[in-house]
Every structure is written in structure tokens, then in C-alpha cells.
Amino acid sequence: MTKWQDLNTNPNLWKIFKTRTRLINKTRTFFDNQGFLEVQTPLLAPYLIPESYLEIFETKLKNKMGKETKAYLATSPEMWHKKLLAASSGNIYEITKSFRNTDIGGHFHNPEFTLLEWYRTGSDYKETMKDCQQLIRFLNNNKPLLSYQGKQLDIGKPFLQITIAQAFEKYAQVKQKDLFSLDALKIAAKKNRITVKDEDIWEDIYNLLFLQTVEPNLGIEQPTIIFDFPQQFAPLAKANPQNPKFKKRFEVYLFGIELADAYDELTDPELQEKEFIKEQKLRQKLNKTPYLADKDFLEALRKGLPDCSGVALGIDRLIMIFTDQTDINNVILFAGEEIFDL
């Protein structure tokens, strides 16, 4: 049976989707109360921001004369938002659909998903960390305890904050000073019974260790913000001035679920263009679908992107927690697994 048929026989499903609507409306109230401007940006674009780790949806756009041009479904509204910020929009937010190919299957991914993205100007990532905590508390009616799958987290207290380097030392047995050592990561992988190949590079083993030893421990005992990511994994973020090997990026975890990804936005157009080139080359190496980079995005940076911090938060995963669901398909009407034969 498909979801629409299930709705006829399972009234609890309607409760989930009514809760979904209520929480999305409350999210708007949260940002409206702080004076943020809600915006609406295109889902179809002639170009995208180069991001090596994402696969995209490509299509063709035709005019009435039959002329064709390539078009892409947006992986996030980020490129549009930064143009608005460069045009003096001030603080903005959007609740929108975003699209990422190959994200079908598993409990936490759907190729079409709902994303909340917001930007706070004149601030850094410490301020948007507070936004994340305050939003989750607000959605929980400012109650200190949040329950999920028989467990409780205290969201009334400040979230635990831990750096990537600290987390690798605590959970993956990699000393902080050795985080960028390929040999040290190989030794840690062996200790953690993770199979690596001779040809694996530092980034490969880092990802294996993060996914298998670090991430499963995040947000389990208390809400967790993990921050200061290696510069290889944050091409759109500012470097930490205390240690340029790390970028000012953070992620939020509740109950082991990654909810949000955020960073201080890189405002230097020359540095950003260099990052774009690196990401495009890596996409080619990984055999990802090629696409045109958004040069207008770089023009917006040249015009003057204000200092700001931005956050992308997965609404569907948030709804999973607030409705006590373990599968993202249960909180999305007509989820990809139900409508596509894959």
C-alpha cells in the first residue's frame, strides 16, 4: 500500500502530518518574531555552487522556439540567499524544497526534502549555534526535556560543544595533534576494525572514521554541537583565524541524528573562486554530473557579502524527532521510496 492508501486506515498518520504543519508554522513564528525576512527563491537554476560530495538532478529547459539549455534542481537555496544578502536584505530565512540525487534509501534521506535555511548578518557561528538551541526549545514549547524513542535529552541547558579534533581523540583514538596525519588515521582505523585500502587518501579514511566511530556517539547523552571542521570539508566557510587548517563550521546532533549544518560564510571572492575550482576538479574525479558554476555568485561576493553566519536545518529529520518516527518516509507524503521503483 502507498501512503495515501494508508491514510484511510491509519489515523495516526494524519496526526504526524498535522504536527508537521504545526511545527513548520511555529518555525516561521520563531523567525518572524526576531525580524527575519522570509524569502522565496527558485528551485530550478541554470547553474549551481560547486560541491564535490553532492550528486544533482539535471534537466533541460526549452523556450517556445525549441531552444534548449541545461537546468538543475537546487541542492539548497544558498546561492540565491547570498545574492540577497549582498543586496542588503538583512537577516533572512526560507523553508523550501531541495533536491539531491542518489539520496534514496535508508532511514534519513529522501531525494526531495524540506530545508530550513537562515542567515544572520553581523554575527558569527557562535550566534547561530544559539539560534539552533533556541529554535528547538521554542518548538518544544520551551519545555526542558525532549523525548524520542524512549530516551530523553535536556534541551533546557546549553548544548555540549566539542571540536572535530576533540571528538576524534575521544571516539576514534586519534590524538588532536595527529588529526591531519595519514599514518595516524590508518592506525586508528585498524584499532577500530575499519578496513582501508592502500590507495585511500586522508579524506577517505577521515570520512570512514567520522561515520563509524565519531558520528554514532553525537547527541546521544546530550544535545551536541560539533564544530571547527578540517578545511577540506568546508569550501564555503571562513577559516578559523587561530588555526587556518580548520573552518568555522558546525553541525547539530540530537539522539544521534544530524539536524543542521552551518558555518561562517566565506566573503572573499578570490578565495571562494579557488575553492570552486578545487570542488569542480574533485567532482570530475568522482565522476559526478558536471554543471556550470554560478559566476554570478562570485559577483555577489565582489559586490560585498556582509559578515554573516548561515544554517541549513533538515525539517523532515526534525519532524521525525518530534513525532517519534525512525524512518523519514513516515513524515513525508509521497516519499521517494514509495513513488519510484528502485
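The values are calculated or read from the model by the stated rules, or taken from the named source; none is laboratory data. This one's a predicted model, so the numbers in the text were calculated from it and none came from an experiment. No Cβ is skipped: glycine too gets one built from the backbone with ideal geometry, and neighbour counts run over all protein chains shown.
Below, the figures for the structure above:
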item	result
Within region 1-86, helices (runs of 4 or more DSSP H) holding 2 or more residues that are surrounded by fewer than 18 Cβ atoms within 10 Å (Cβ to Cβ) and modelled with pLDDT under 95	3-9, 11-33
Out of Asp324, Asp264, sole residue that is at pLDDT 90 or above, of a type outside the set (Phe, Trp, Tyr) and not in a loop (DSSP other than H, G, I, E, B)	Asp264
Test for Gln134: is it among the polar types (S, T, N, Q), free of Cβ contacts under 8 Å to residues at least 60 places away in the same chain and either in contact with a strand residue (DSSP E or B) (Cβ under 7 Å, 6 or more places away or on another chain) or within 30 Å of Thr41 (Cβ to Cβ) (or both)	no
Inter-residue pairs, beta-carbon under 6 Å, first free of Cβ contacts under 8 Å to residues at least 12 places away in the same chain and over 17 Å from Asp6 (Cβ atoms) and in region 310-336, second surrounded by 22 or more Cβ atoms within 10 Å (Cβ to Cβ) and of a type in the set (A, V, I, L, M, F, W, C), 6+ apart	none
Any hit, region 151-171, residues being basic (Lys, Arg) and assigned to a helix (DSSP H, G or I)	yes
Residue within region 240-255 that is closer than 18 Å to Met129 by Cβ, touching a residue at least 24 places away in the same chain (Cβ under 8 Å), part of a loop (DSSP other than H, G, I, E, B) and of a type in the set (Lys, Arg) present	no
Output for region 259-279, where each listed residue is surrounded by 17 or more Cβ atoms within 10 Å (Cβ to Cβ) and touching a residue at least 40 places away in the same chain (Cβ under 8 Å)	Leu259, Ala260, Asp261, Ala262, Tyr263, Asp264, Glu265, Thr267, Glu275, Phe276, Glu279
Of all residues in region 199-209 being without any contact (Cβ under 8 Å) to a residue 12 or more places away in the chain and part of a helix (DSSP H, G or I), the one that is farthest from Thr163 (Cα to Cα)	Asp204
Residues that are part of a helix (DSSP H, G or I) and modelled with pLDDT under 95, drawn from region 172-198	none
Test for Gln242: is it under 30 Å from Lys82 (Cα atoms) and among the polar types (S, T, N, Q)	yes
